[in-house]
Amino acid sequence: QAPRDELYQALGGKAGITRLNADFVPRLFNDARIKHIFKDANPNNLVEQLTDQICAASGGPCKYEGGAMKAVHADLGITHAHFNALVEDLQAAMDAAGIPFATQNRLLALLAPMHRDIVTR
Ligand code: HEM
């Protein structure tokens, strides 16, 4: 049986996830399709919150203490196209980090259902 933190380990633990998000978040702020949505956001806070969230969701020893996905994204007017743009940026960051395709897909499968709380139009 696979250990419960298998995905966490495959992502390189807390250090690997932090490194991934330190590359992923600037991609969001530089992506012409969605950068307008991030204009008032704090990139360092986003790296920290995303790292705790992905660490916890992948079975690691972290606790996500940020806001609920629905509340955080409620007033941002996020479309499916915006959501897909973010997924592409995450894939590019995971490629750049040398994360294997199967591991990429497992992380994406974990995040994909969140579109229900994030896409509002
Ligand atoms: C699965 C997809 C996503 C996940 C896991 C996610 C996760 C998060 C997390 C953890 C935070 C920080 C919450 C806090 O500080 O309390 C956040 C904030 C934010 N997210 Fe997302 N998000 C996703 C999709 C998106 C998309 C598609 C957009 C826009 C294109 C977006 C725009 C933002 C913005 C602008 C903030 C900052 C809000 C603020 O500081 O007021 N997110 N997100």
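The values are calculated or read from the model by the stated rules, or taken from the named source; none is laboratory data. The structure presented is a predicted model; accordingly, all values stated were derived computationally and were not measured. Please note: Cβ atoms are built from the backbone with ideal geometry, for glycine as well, and neighbour counts cover all protein chains shown.
Couple of notes before you dig in:
- Pairs where the first residue, in the range 53-78, is closer than 13 Å to Lys14 by Cα and the second is assigned to a loop (DSSP other than H, G, I, E, B) and away from the ligand (no atom under 11 Å from the Cβ), C-beta under 7 Å, 6+ apart: Cys55/Cys62; Ala56/Cys62; Ala56/Lys63; Ser58/Leu11; Gly59/Arg4; Gly59/Asp5; Gly60/Asp5
- The residues of the range 1-23 that are out of contact with any Gly (no Cβ under 9 Å at 6 or more places or on another chain) and loosely packed, with under 14 Cβ neighbours inside 10 Å, listed by number, are Gln1, Ala2, Ala15.
- For Asn45, the conditions (1) within 9 Å of the ligand (Cβ to nearest atom); (2) surrounded by 14 or more Cβ atoms within 10 Å (Cβ to Cβ); (3) in a helix (DSSP H, G or I) are fulfilled apart from (2).
- Filtered by the rule that a residue be out of contact with any helix residue (DSSP H, G or I) (no Cβ under 6 Å at 6 or more places or on another chain), outside any helix (DSSP H, G or I) and either within 20 Å of Asp23 (Cα to Cα) or of a type outside the set (D, E, K, R) (or both), the range 93-121 gives Gly98, Ile99, Pro100, Thr120.
- The residues listed here are Ala32, Ala81; of these, the one that is outside any loop (DSSP other than H, G, I, E, B), at pLDDT 95 or above and surrounded by fewer than 17 Cβ atoms within 10 Å (Cβ to Cβ) is Ala81.
- Of note, Pro26 satisfies the criterion of being surrounded by fewer than 17 Cβ atoms within 10 Å (Cβ to Cβ) and either under 14 Å from the mean Cα position of the chain (by Cα) or near the ligand (Cβ under 8 Å from one of its atoms) (or both).
- The condition (being assigned to a loop (DSSP other than H, G, I, E, B), closer than 21 Å to Ala109 by Cα and away from the ligand (no atom under 11 Å from the Cβ)) is satisfied by just one residue among Gly60, Gly16: Gly60.
- Of all residues in the range 67-98, those that are within 12 Å of the ligand (Cβ to nearest atom) and closer than 26 Å to Pro3 by Cβ total 1.
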